Amino acid sequence: MLNARQRQYLEAIGVTLWERRAAPVATPYPPDTASGSPGTQAFPGEGSDWSVLEEAVRGCTKCGLHATRTQTVFGVGSHTARWMFVGEAPGADEDAKGEPFVGRAGQLLNAMLFAIGLKREEVYIANVLKCRPPGNRDPQPGEVESCEPYLLRQIELIRPRLIVALGRHAAHSLLKTELPLARLRGQQLDYHGTPLVVTYHPAYLLRSPTDKRKAWEDLCRARRVVDGA
Ligand code: URA
């Protein structure tokens, strides 16, 4: 159960609460620590921000996907990651396990990370949607809109140097464009102030392995952005 300050914090970052009460909460966030005694602060450490956000996602009923999910799929990895990978939405394996990219596409993503010298636990992996669309259908605009504050807050907390959008649907949802992937690849783009590069979705690469070379080029470009080269 969230306390009043936690509720106000979530509303301030655009998360509509499933347990919203009629009366507005008057306490400001961040709390005025100048006058407050130690221990009165609602969020003494970064861990609290994360747990409030995770709880909000876990209880979310903002779109219809809550009715068909097994569980929410929040995200996984380092809270201080320099790289953030964003996919489209959980599939059946992720819905069952509660973790993004754990199926065959996830294994390929792990291999792609390894190839550019990264471990899964040192990056952050999330999806545009935190719940599985039934039958793995494409995310709908209303679902993306409902879920976006959660992803934005994850980015705000992590402050990655780079976001890698995995696949056409993630790129379209994040960038609010319908340009083909071929036009989006190779460009340095921006998502709310964070540099973003687009590459192929690992599930697509499983079907079209000849494009793995192009994905490798994208990752090398991404590496140069992260390294500031
Ligand atoms: N595809 C995605 O876009 N995300 C996952 O978490 C798994 C598969």
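Which trypsin sites (Lys or Arg not before Pro) from region 142-184 combine a DSSP loop assignment with at most 14 other Cβ atoms within 10 Å?
On the way: sites: R153, R161, R168, K176, R183; in loops: R161, K176.
Counting only loop positions with at most 14 other Cβ atoms within 10 Å, the trypsin sites (Lys or Arg not before Pro) in region 142-184 are K176.
What size of dipole, in debye to the nearest 20, comes out for region 136-229 about its Cα centre when the only charges are +1 on Lys and Arg C-beta atoms and -1 on Asp and Glu C-beta atoms?
Values: 15 positive and 11 negative charges, 89 e Å.
With only Lys, Arg, Asp and Glu charged at Cβ, the dipole is about 420 debye.
Extension gain for A182-R159 works out to 5.6 nm (0.36 nm per residue, less the C-alpha to C-alpha distance). How high is the relative contact order of region 89-229? Use alpha-carbon pairs under 8 Å, at least six apart in sequence, and give a whole percent. Averaging sequence separation for qualifying contacts and normalising by length gives 22 percent for region 89-229.
Between region 116-142 and region 77-108, how far is it from one alpha carbon centroid to the other, in angstrom? Going from one Cα centre to the other spans 5 Å.
Maximal additional length on extending the F114-E54 stretch stands at 18.8 nm, based on 0.36 nm per residue less the C-alpha distance.
Under a model in which nothing but the beta-carbon of Lys, Arg (+1) and Asp, Glu (-1) is charged, region 88-204 shows a dipole of about 280 debye around its Cα centre.
According to the square roots a ≥ b ≥ c of the eigenvalues of the Cα gyration tensor, what is the shape class of region 43-202, taking rounded for a/c under 1.5, prolate for a/b larger than b/c otherwise, and oblate for the remainder? The shape class here is rounded.
When only Cα pairs below 8 angstrom with a gap of at least 6 residues are kept, region 65-151 shows a relative contact order of 42 percent.
Normalised by the number of residues in region 169-229, what is the relative contact order in percent for Cα pairs under 8 Å and 6+ residues apart?
Numbers: 38 pairs, mean separation 14.4, N = 61.
Answer for region 169-229 is 24 percent.
When the chymotrypsin sites (Phe, Trp or Tyr not before Pro) in region 109-153 are filtered for DSSP coil states and for at most 13 other beta-carbon atoms within 10 Å of their beta-carbon, no site remains.
Estimated at 0.36 nm per residue, the fully extended path between H192 and R207 surpasses their Cα-Cα distance by 2.2 nm.
Bear in mind these aren't lab numbers, they're just calculated from the coordinates by the rules spelled out. Treat the numbers as computed from the prediction; the structure is a model and nothing was measured. Virtual Cβ from ideal backbone geometry, glycine too; neighbours counted across all protein chains shown.
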